[in-house]
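Structure first, then comments.
The values are calculated or read from the model by the stated rules, or taken from the named source; none is laboratory data. Just so we're clear, the structure is a prediction, and the values are computed from it rather than from any experiment. All Cβ positions, even for glycine, are placed from backbone atoms using ideal geometry, and neighbour counts span all protein chains on display. All accessible areas refer to the heavy atoms of the entire protein, side chains included, with ligands and DNA or RNA removed. Shrake-Rupley method; radii C 1.70, N 1.55, O 1.52, S 1.80 Å.
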Amino acid sequence: MALDHDEIVGRFQTAIAQHTPPLAARDALDEMIASGALQAALPAPEIGGITNLHNSADLTVLQVVWTPGMRINPHNHNMWAVIGMYGGTEDNAFYRRTPDGLTESGAKQVHEGDVLVLGDDVIHSVANTRQNFAAAIHVYGGDFFSGDRSEWDFETLTEGPRDVAGTMRLFEEANQRWLANQSR
């Protein structure tokens, strides 16, 4: 059973009205991936990027396709997030604040079929270290494109304001490298 974008978003709108929205969103995403409905609804990834399926004050739903070889800086969301992999694998590194700054505090690979719930205080970076695209739906309990969020430099772990345009450039650069390597 294929779903259209409105049906996908509708399931998450129903989820955020529940007693524990992140868990309800996790269950909805898990069911859509396990049934194959999500994979049938979304095109097979051929290029990395972020596609906004829905954005409002209380819910953002994004299709995120990670280009092989790319990674993004440690960052926070300041809202809960649920990530469901419907293709490939995402490598997440987690960080925590310490009196001396940011320190790495664990990692998790999220494989095709997995659903990961992140609390509103999580700081993580994401990489695709494989040679195939990694495709996911990211569901956020708020407006992903507004509000104060931070990102950290990989080398110095210096905190700065979240740079969404810079993140989009990372996708463009990764796509250019991927396409250049494919034409060789």
Legend entry - Residue under evaluation A57, criteria (1) touching an Asp or Glu at 6+ places or on another chain (Cβ under 6 Å); (2) of a type outside the set (V, I, T); (3) under 30 Å from Q176 (Cα atoms); (4) open to solvent by 60 Å² or more (accessible area, probe 1.4 Å), criterion not met: (3)
Legend entry - Breaking point among (1) in a helix (DSSP H, G or I); (2) open to solvent by less than 20 Å² (accessible area, probe 1.4 Å); (3) in contact with a helix residue (DSSP H, G or I) (Cβ under 9 Å, 6 or more places away or on another chain); (4) free of Cβ contacts under 8 Å to residues at least 60 places away in the same chain, for V9: (3)
Inset, instruction - Quickly run through segment 129-152 and pick out the residues that are open to solvent by 60 Å² or more (accessible area, probe 1.4 Å) and farther than 25 Å from I16 by Cα. - result: T129, Q131, N132
Inset, instruction - Please go through segment 18-48 and pick out each residue that is open to solvent by 80 Å² or more (accessible area, probe 1.4 Å) and either free of Cβ contacts under 8 Å to residues at least 24 places away in the same chain or in a helix (DSSP H, G or I) (or both). - result: Q18, H19, R26, D27, E31, A34, P43
Inset, instruction - Give the number of residues within segment 160-175 that are open to solvent by less than 30 Å² (accessible area, probe 1.4 Å) and modelled with pLDDT of 95 or more. - result: 3
Legend entry - Selection status of T89, more than 25 Å from P21 (Cα to Cα) and not aliphatic (A, V, I, L, M): no
Inset, instruction - Find the strands (runs of 3 or more DSSP E) located wholly in segment 77-184 whose residues include 3 or more that are out of contact with any His (no Cβ under 9 Å at 6 or more places or on another chain), and list them. - result: 89-98, 101-111, 115-118, 134-140, 159-161
Legend entry - Unique match (being buried (at least 18 other Cβ atoms within 10 Å of the Cβ) and hydrophobic (A, V, I, L, M, F, W, C)) among L179, L116, L157: L116
Legend entry - Odd one out for R97, checked against (1) under 15 Å from N78 (Cβ atoms); (2) open to solvent by less than 30 Å² (accessible area, probe 1.4 Å): (2)
Inset, instruction - Kindly indicate whether E90 is of a type in the set (D, E, K, R) and within 13 Å of the chain's Cα centre (by Cα). - result: yes
Legend entry - Evaluation of W80 against (1) surrounded by 18 or more Cβ atoms within 10 Å (Cβ to Cβ); (2) more than 19 Å from S146 (Cα to Cα) (one fails), failing number: (2)
Legend entry - Check on T67, of a type outside the set (F, W, Y), under 17 Å from the mean Cα position of the chain (by Cα), surrounded by 19 or more Cβ atoms within 10 Å (Cβ to Cβ) and on the phi < 0 side of the Ramachandran plot: yes
